[in-house]
Amino acid sequence: MPTLKIMRGRASFRKPFLATLATLFAVVAIVYGSLWMYAVRHPVPGVELGFNLAHDSHYDKRTHSQSVEDVVQGSPAERAGLRVGDRIIGVNGRALDTDIASDEAYVRGRPGDPVELTVERAGEPKPLILHGVFRAAEPARTPEGLAKSSARQVLRLFPIPFLLVAFAVLFLRLEEPNAWLLALLFCAFVAAPNFLNPLAISPALRAFAFAFRAVFGGMLAPFFYLFFAVFPLPSLLDRRLPWLKWVGLLFGVCIVLPGLRTGDPSLPRVVAHLIGSRNAAFLNAGLNYDLLFLGIISLAQNSFMAAVPPEARRKSRVILWGTVVGILPISLEKMAVDFAGYRPSFWLDTVLVLVVFLYPLSFAYAVVKHRVMEIPVLLRRSARYVLVQRGFIVLMFLVAAFAIALFTHVFSRFLRADTNIGMALSAVFGIVLVWTSAPLVKRGTMRIDRAFFRSAYDSRIILHDLAEKTRTVGDRRQLAMLLENHVNQALHPKTLACYLESGNGRLAAISGTQPATLATLAVSAPVFVELARRGKAWEVPSGSAGAEELTALQHLAPECLVPILGRESNLIGMLVLGQRRSEEPYSGEDKHLLDSVAAHAGIALENISLAEKMAERMEADRRTAQEMEIARQVQARLFPQKLPAMNSLEYTGACIQARKVGGDYYDFLELRPGRLALVLADIAGKGVSGALLMANLQANLRSQYAMAVDDLPRLLASVNRLFYENSGDASYATLFFGDYDDSSRKLRYANCGHLPPLLLRARASSQDQAPDVEWLRSTCTVMGLFEDWHCEIAEVQLAPGDMLVLYTDGVTEATNADGEEFGESHLLATLGSNFRLPVGPLLQAVVEAVQQFSSGSEQQDDITLVIARSLA
């Protein structure tokens, strides 16, 4: 199997490559985090003019300016004419595009150098040009309380939780794209805060820090939307607008490039020239916030929409609230700052940043506790094992972070005169620490595995116990769970899937976690044919047929395939075991015990199949009768349950079915107050087929009957079209639809190939004379037989005492023992002799007459009647 060998070769190369790439990524991120934490703790005295900026020196991206909070008396700023409330918009003739402390004039300035400030002042129509001279900066002496000082110290640890969670997940799931995307997203959060005091580090490291912040800070919103658009499954928004995430990434690239020099992502200058700096800042901020909120919307869609698979919905819900609580408040605050000029207090800003601290911690909890990303944990084996092993990894990261922080702190004291050497040594120390800790982590993990697995049950005892218990199982799922639990206890595979026969030549996954593509497997695949031929536990082959099938199983990381054979040596089940957690190969004794278990499981599975077939036959008749009774009850609910009140008409209807269900249908529809539709239909067919067509016709009619008042032909044409499209070529229905107007006593009707209803005219001169009879004959052909179908509408006037009788052929074609039909003559005679009865008793009299006439033979067709009389 050359293809499989190539695949394995690539797989063996891929993991070291990804590990190296992840290590380099971690080094870069840790170096930036260390630089940021170093810079915020070690402000380097530079040059100053003797003024303080508003709100902790925050640069206003909206106006590209910074406000002056106060001016020191006797300072160069006071001599230059700078005042409180001035807004600095330029330095040395250049527009201010970053924090003033990061401006080139401040970075390269020396005491005594001249500097030119461009400021906006209230009441002045034009910006003012002020000239000053730099002096050596004095260290700040503003006293701070213990609470505020402690809060600042905590905030200076901002990168640590994000880096810990990002790279803990990444190193555990190197081949998982979502783990890489999560690492990119959390690095973007690390780059989000401003890089204060950049003068504390050397120009080379400053350039690196600005580039890192520009790249990851600019990609924060695009990465945020991209992650939640595709994790754990593509959201509804992403499925409808799949291009949106690529547009977001393109936008991120567009704002990254202009910010590489300053570390402040922003739209290209050409955009600012076209629409103005302020509008460009608004546009930049607005697009970023749009992507953030679209990410939250995507996560919410995956959390609550019924169309999302339950497992994906569970994972999304676990991280939804942590995301909303952690990200939404700080986003709303930043929106208020960017769009409304709001200046939050120190404590509000601190609280919101601390809430953001909780976001990576909540994500870590979701990953470890709720497995929102499938990190391999032995939850069922031992809770202690999980805590110790994962705690060891977290401890190693904490130790590494502490070591880097301690190294940086110590050397910063000894090398105050040369911070470049200190930072270079810190970077080298971080790289060496990451490289040297990898083998230590691996050895520690292996020792934990051996320590816990040494106390496990003896695999021989566990598997022999399993062989005995397979004899007593009663169904496939019970058998699969039994196999899974005992094999996990005995051999500790990282993955385990149990496939059992499901019919149609396929094996279905009964236990384990598999993607939808692996829910069933074809028994006829070459690799499974070979597995059945061998009949024994088989290590994943490296050189025979079946590469395609093994590639499909790659998600399960198979290392050992165990066939479950039937009496005729056919494959009726299979166990797919992944690599053992101890990383040891499956021994010959392991395979022998697995073969014994599979043999007992095969006997149990065949016994289960025989029992299922016997149970199916015993239940068939009872189930059929029960289903028919349910169908009868359902169909009975399709007939009218209440009669709309009419002032000039009394009416009733009934259907006596020949079987439990039938194809006759009658209905009374209130088109609007004072307008009543009398409907009677007869479906070509009886029993279940007739009932299904009847339900289809009724649904089509009831969903559209409101248009009958204005356009009855259009209603019937629409019903005919739907009935034609949803029924077979030989299916059709006869139908009578009458629209009765209560105020005028007029009846508009369409007779679609149905037996002509009888209109019995009452004679006012004598009550003893038989009524005159009119037949409401067909106005069009039957429904559902022709696609091109039209109907005509007829109209009759009802007088007080007139009676309308609608009926199906089950009335007139009822036969007696001699084969004689009841016929229209018997129907008219029955109606005539009972003409003066109310409609209810009259209908009952007709039904009894038909049943009495055919009492010597079985009822062959549904008996359905509708009788209506115009009241005096």
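The values are calculated or read from the model by the stated rules, or taken from the named source; none is laboratory data. Here the structure is a predicted model, which is why all the values come from computation and not from measurement. Positions of Cβ are backbone-derived with ideal geometry, glycine not excepted, and every protein chain shown enters the neighbour counts. We work out accessible area using only protein heavy atoms, side chains counted, and drop any ligands, DNA or RNA first. Shrake-Rupley method; radii C 1.70, N 1.55, O 1.52, S 1.80 Å.
Rounded to the nearest 0.05, the FRET efficiency derived from the C-beta distance between Ala654 and Met481 at R0 = 56 Å is 0.55.
Full extension of the chain between Glu612 and Leu440 gives 56.5 nm of extra length, using 0.36 nm per residue less the Cα-Cα distance. Computed from label points 7 Å out along Cα-Cβ, the spacing between Leu274 and Arg761 is 8.3 nm.
Working ranking of peptides 154-166, 474-486, 585-597 by packing, defined as the average number of other Cβ atoms within 10 Å per residue, highest first, is 154-166, 474-486, 585-597. A 1.4 Å probe, protein heavy atoms only, puts the accessible area of Glu725 near 100 Å². What FRET efficiency, computed as 1/(1 + (r/R0)^6) with R0 = 51 Å and r the Cβ-Cβ distance, is obtained for Val324 and Trp538, rounded to the nearest 0.05? My answer for the efficiency is 0.55. A straight chain from Ala207 to Ser825 at 0.36 nm per residue would run longer than the Cα-Cα distance by 211.9 nm. Highest mean packing comes first when the peptides 72-82, 228-238 are listed by Cβ atoms within 10 Å, giving 228-238, 72-82. Basic side chains Lys and Arg get +1 at the Cβ, acidic Asp and Glu get -1 at the Cβ, and with that the dipole of region 758-872 about its Cα centre reaches some 720 debye. Using only the Cα atoms of region 158-281, build the gyration tensor, take square roots of its eigenvalues as a ≥ b ≥ c, and label the shape rounded, prolate or oblate: rounded if a/c is under 1.5, else prolate if a/b is larger than b/c, else oblate. The shape class here is oblate.
Taking label positions 7 Å along the Cα-Cβ direction at both Gln626 and Asn816, the computed distance is 4.4 nm, reported to one decimal. Peptides 354-361, 182-189 ranked from most to least packed give 182-189, 354-361, packing being the mean of other C-beta atoms within 10 angstrom over each peptide's residues. Do you know the relative contact order of region 675-772, to the nearest whole percent, from alpha carbon pairs under 8 angstrom that are 6+ apart? Rounded, it is 33 percent for region 675-772. Other residues whose C-beta falls under 12 angstrom from the C-beta of Pro234 contribute a net charge of +2, scoring Lys and Arg +1 and Asp and Glu -1.
Gain in length, Ala122 to Thr20, computed as 0.36 nm per residue apart minus the alpha-carbon separation, to one decimal in nm?
31.0 nm
Computed from the C-beta positions of Leu354 and Phe304, the FRET efficiency with R₀ = 41 Å rounds to 0.90.
With a simple spin-label model that places each label point 7 Å from the Cα along the Cα-to-Cβ direction, the separation between Lys148 and Leu638 comes to 7.9 nm.
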